[in-house]
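For reference, the structure discussed in these notes is given below.
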């Protein structure tokens with residue numbers, strides 16, 4: 001009779017529990033997803049939209065984050081989920097983080113011991129935040145890449161005699177994500193009574209960028225003191241395109257230095273892993289006695305060298 005290994009039992013047990021939880025959660029999530037999306041398109045624009053309709057006392061209570069520790073955690077996730085445009089709730093992210101933290105730590109404790117659980121558990125629990133951060137970064141980069149074309153389209157619409165609100169509607173119709181949803185939200189907020197300055201400032205908060213801040217400031221100043229808005233937008237679009245061209249040239253010229261930083265930082269790690277599989281006793285000497293401090297110092301110096309090379313190759317335009 002073949003006796004299954006404890007590692008296999010742990011993997012199968014954790015997989016069964018995860019599959020059971022997913023089987024119970026996915027049907028309910030599928031039913032509520034469409035309803036939440038329809039409600040969010042009208043009522044869940046942002047907390048600042050209700051500020052414009054609610055008065056001064058309500059605005060002061062809404063703008064500050066909640067005081068409860070649990071509410072602060074949910075608010076932390078809600079802000080990042082909104083900026084990443086993910087169709088999940090903060091509670092679902094917290095639950096996924098907790099499940100990954102516990103299951104990853106439990107599997108590591110059974111397979112490699114309690115010390116591995118201390119490392120693997122937090123790493124597994126941070127995966128949802130890592131995905132949200134990557135999704136947010138890609139969304140921000142896509143919006144920044146589309147910004148010059150969006151400003152040019154807005155300038156053409158204003159030059160044709162349309163109002164700025166109609167220009168935003170035109171950009172929302174002809175653009176792709178994430179510019180489309182960003183402009184649609186600005187139009188909805190202005191339609192619900194928010195002023196032009198506040199709606200644009202909130203868009204700049206959702207998509208933090210020096211270029212967008214400059215564009216929003218130019219539009220708000222023109223709205224107050226007057227001037228040719230189409231000319232201002234054309235100049236801004238040309239500036240954005242020239243800046244993007246210079247950034248591309250700089251990235252091409254510094255590509256060798258940037259990739260050299262990755263190679264020089266990964267080379268010691270790959271060599272250590274290869275030696276560990278070839279001769280485990282030879283590498284284990286670095287983790288015994290006073291030699292472990294040399295290994296820690298080597299890791300610290302590799303990290304410092306990597307950050308230094310990345311900093312040298314980073315040039316702000």
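Some notes on this structure:
- Out of 70, 97, one residue alone is at pLDDT 80 or above and within 30 Å of residue 185 (Cβ to Cβ). It is 97.
- Checked against (1) under 30 Å from residue 145 (Cβ atoms); (2) at pLDDT 85 or above, residue 317 passes all but condition (2).
- Here 122, 65, 128 are screened, and the one residue that is under 24 Å from residue 205 (Cα atoms), assigned to a helix (DSSP H, G or I) and either at pLDDT 85 or above or not assigned by TED's automatic domain parsing to the domain that holds residue 182 (or both) is 128.
- Set 199, 141: member being free of Cβ contacts under 8 Å to residues at least 24 places away in the same chain, under 30 Å from residue 95 (Cβ atoms) and either outside any helix (DSSP H, G or I) or not assigned by TED's automatic domain parsing to the domain that holds residue 99 (or both): 141
- Looking across region 292-317, the residues that are touching a helix residue (DSSP H, G or I) at 6+ places or on another chain (Cβ under 6 Å) and either in a helix (DSSP H, G or I) or without any contact (Cβ under 8 Å) to a residue 24 or more places away in the chain (or both) come down to 295, 302, 306, 309, 310, 313.
- Here residue 123 does not qualify as over 24 Å from the mean Cα position of the chain (by Cα) and without any contact (Cβ under 8 Å) to a residue 60 or more places away in the chain.
- Flag if residue 167 is crowded, with 19+ Cβ neighbours inside 10 Å, in the same structural domain as residue 13 (by TED's automatic domain parsing) and either within 26 Å of the chain's Cα centre (by Cα) or closer than 25 Å to residue 227 by Cα (or both): no
- When residue 247 is tested against (1) out of contact with any helix residue (DSSP H, G or I) (no Cβ under 9 Å at 6 or more places or on another chain); (2) free of Cβ contacts under 8 Å to residues at least 40 places away in the same chain; (3) surrounded by 11 or more Cβ atoms within 10 Å (Cβ to Cβ), only condition (2) is not met.
- Only one of 220, 238 that is assigned to a helix (DSSP H, G or I), closer than 24 Å to residue 145 by Cα, more than 24 Å from the chain's Cα centre (by Cα) and at pLDDT 90 or above: 238
- Scanning region 202-228 for residues that are loosely packed, with under 15 Cβ neighbours inside 10 Å and either over 24 Å from residue 135 (Cα atoms) or not assigned by TED's automatic domain parsing to the domain that holds residue 163 (or both) turns up 214, 217, 221, 224, 225, 226, 227, 228.
The values are calculated or read from the model by the stated rules, or taken from the named source; none is laboratory data. Keep in mind it's a predicted model, so treat the numbers as computed, not measured. Please note: Cβ atoms are built from the backbone with ideal geometry, for glycine as well, and neighbour counts cover all protein chains shown.
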